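Worksheet: the structure to be examined is printed underneath.
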Amino acid sequence: MRTHMVDLFRLKQHNTSAPKEILCGLTTFLTLSYILFMNPAILSGTGMPPAGVFAATALASAACCILMGLFANAPFATAPGMGLNTFFAYRMCGAFGFDWREALALVFISGLLHIAIMATGLRKILVNAIPQHLKLAFGVGLGLFIGYTGLKSAGFIVFTSPPGQYAMLADGTVLSNSSVVPSLTSSIGGPQLIALIGLATLLVLLALEKRTGDTYAALPVAILTATFVGIPFHVTDLLGVKFFDPGAVLQIREVFCAFFGDPGLLSLAASPQKLLRVGLLVLVMLVINLMDSVGTIIGIGGVQDSQVFSQEEMREFTVKGASTKLDKSLVSNSFGGVIASLAGTSTVTAFMESITGIVAGGRTGLVSVTVGCVFLLCLPLSGSISIIPPAAVAPALLMAGAFMIPLAGRIDWNNFEEAFPAFATVMCIPLTYGFVYGIAAGLISHVLLQVAMGKWRQVHPMLYVITCIFLLIAVAESWT
């Protein structure tokens, strides 16, 4: 069994071992496990049953992780994307008024188109059309986004809005304008304290690993230490937790293949006006899925010393076929929309938290398969995962973000043509709290600069198409 695993994932070739890869998979899972509870909380606002969404989230994530691991042999974990599920709930079902079953049908259609593009030569055209400095900027922006998420998870950041500059919606949501100012919190409570303890543990273990050359499982040990320390501070809540619930998997029948009917696929063409909205949303979702997946996979895979995509790997990618790990990763990830919609949830895609397992030393698809298996275990053991507080995961996110910042050194900041689009990308990804917004800012500014400088012929036609679609998305956002 162990020999077969070594051959299947080429562990020796990647200078790693099965125990190490499994440990890295557990590390990745601990940092993204929040999606199991966040996704049902978001999608239940559309009328979807929370228990069914939970089961669908676990099963769809597991299926896509295992597909990624076995087909691409890449350490990318997959789960319903946070930006994609909010678009599903607040735009498709909220602003546009689609029933949740109709929204799942739209995810299914856009997912089929995503597969069609990634399974053909269009995949290489799309990736090669993006300038190298923007690909690097995607990774830097992701690093800042991950680090910013870590600061927020630990409760280190508070936001202040002057009187009269905000409004409160009926559900209690506060909407503020750009006068809101972030700052570090002035008080240290339980969440901040366990985050600091976890970060100190992580730094000490990483320093020992550097000094001695031994492995101390720094990331998972730091997360579990912070979780344990959180018990007496009432940050880790054990009260009322139901650790074992074998009936959870049965709840998926409430959402599984729910869009085959009316409302669903059969009601999408109820009127010409509705059909127009369907076409617009499918196009918008397709572009978001494409740019999100390409940006995340290339951004994470390009981290120095990650050994996910080497320079040779990137050169081989330009050749026809799908033999490289990058090719297979993009193709595997493209199935997330179809698998997710069939299971009964929003689009599954490569998660930025995958970087934590890679930083811990994960190199092969065994990392992804491990994450997939743990997702399956969560169906009857959901309570045991819910006890990990966000503050315990914050140190791992901060460290993972730090490992992505060196990509900035490979951007020519003295060349204005590269510098401003890269800066726009890096700035907008964390500050707008949206990866796709950063990609749009970078691509649009790149195209505008090249046209203004008379170099419009040097811009790949695909970028003109994508830029126009991003502008169309902006119009649609203001329309709703």
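The values are calculated or read from the model by the stated rules, or taken from the named source; none is laboratory data. Nothing here was measured: the structure is a model prediction, and the numbers come from that model. So basically every Cβ, Gly included, is an ideal-geometry build from the backbone, and we count neighbours across all protein chains shown. All accessible areas refer to the heavy atoms of the entire protein, side chains included, with ligands and DNA or RNA removed. Shrake-Rupley method; radii C 1.70, N 1.55, O 1.52, S 1.80 Å.
Listed by first and then second residue, the pairs with beta-carbon distance under 9 Å, at least 6 apart or on different chains, first residue in the range 102-115 and within 13 Å of A258 (Cβ to Cβ) and of a type in the set (F, W, Y), second assigned to a helix (DSSP H, G or I) and open to solvent by 10 Å² or more (accessible area, probe 1.4 Å), are F108/L265; F108/V338; F108/L342. When the test is whether a residue is within 30 Å of G261 (Cα to Cα), open to solvent by 30 Å² or more (accessible area, probe 1.4 Å), at pLDDT below 95 and in contact with a helix residue (DSSP H, G or I) (Cβ under 9 Å, 6 or more places away or on another chain), R91 passes it. Looking only at the range 352-376, which residues are open to solvent by 10 Å² or more (accessible area, probe 1.4 Å) and within 29 Å of V284 (Cβ to Cβ)? Hit for the range 352-376 is M352, nothing else. Before we move on, is A103 of a type in the set (G, A, S) and modelled with pLDDT under 90? No.
Applying the criterion of at least 1 residues that are in contact (Cβ under 8 Å) with a residue 60 or more places away in the chain and touching an Asp or Glu at 6+ places or on another chain (Cβ under 7 Å) to the helices (runs of 4 or more DSSP H) found wholly in the range 365-439 leaves 365-377, 382-386, 416-431.
Checked against the criterion of being more than 30 Å from T227 (Cα to Cα), at pLDDT 90 or above and hydrophobic (A, V, I, L, M, F, W, C), the candidates V371, V436, V459 yield just one match: V459. Taking residues in the range 1-24 that are within 15 Å of K325 (Cβ to Cβ) and among the aromatic types (F, W, Y), and partners anywhere that are at pLDDT 90 or above and not in a loop (DSSP other than H, G, I, E, B), the pairs with Cβ atoms closer than 7 Å and at least 6 places apart or on different chains are F9/G365; F9/L366. Pairing residues of the range 252-270 that are loosely packed, with under 13 Cβ neighbours inside 10 Å with residues that are assigned to a helix (DSSP H, G or I), at Cβ distances under 7 Å and at least 6 apart in sequence or on separate chains, gives A269/L275. Every residue in the range 443-472 that is buried (at least 16 other Cβ atoms within 10 Å of the Cβ) and either part of a loop (DSSP other than H, G, I, E, B) or out of contact with any Phe, Trp or Tyr (no Cβ under 8 Å at 6 or more places or on another chain) (or both), please. H446, V459, L463, I466, T467, I469, F470, listed by residue number. The set of residues in the range 361-374 that are more than 18 Å from the chain's Cα centre (by Cα) and over 23 Å from I339 (Cα atoms) comprises G361, R363.
Counting only helices (runs of 4 or more DSSP H) that sit completely within the range 223-341, those holding 2 or more residues that are modelled with pLDDT of 85 or more and within 30 Å of M48 (Cα to Cα) correspond to 272-301, 325-334. Of all the listed residues (G164, G121, G147), the sole one being open to solvent by 10 Å² or more (accessible area, probe 1.4 Å) and at positive phi is G164.
Number of residues in the range 4-48 that are under 16 Å from the mean Cα position of the chain (by Cα) and not aliphatic (A, V, I, L, M): the value is 9.
Every residue, every condition in (1) open to solvent by less than 10 Å² (accessible area, probe 1.4 Å); (2) out of contact with any helix residue (DSSP H, G or I) (no Cβ under 6 Å at 6 or more places or on another chain), yes or no:
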site	(1), (2)
R10	no, yes
L23	no, yes
T27	yes, no
T31	yes, no
I42	no, no
V53	yes, no
P80	yes, no
A105	yes, no
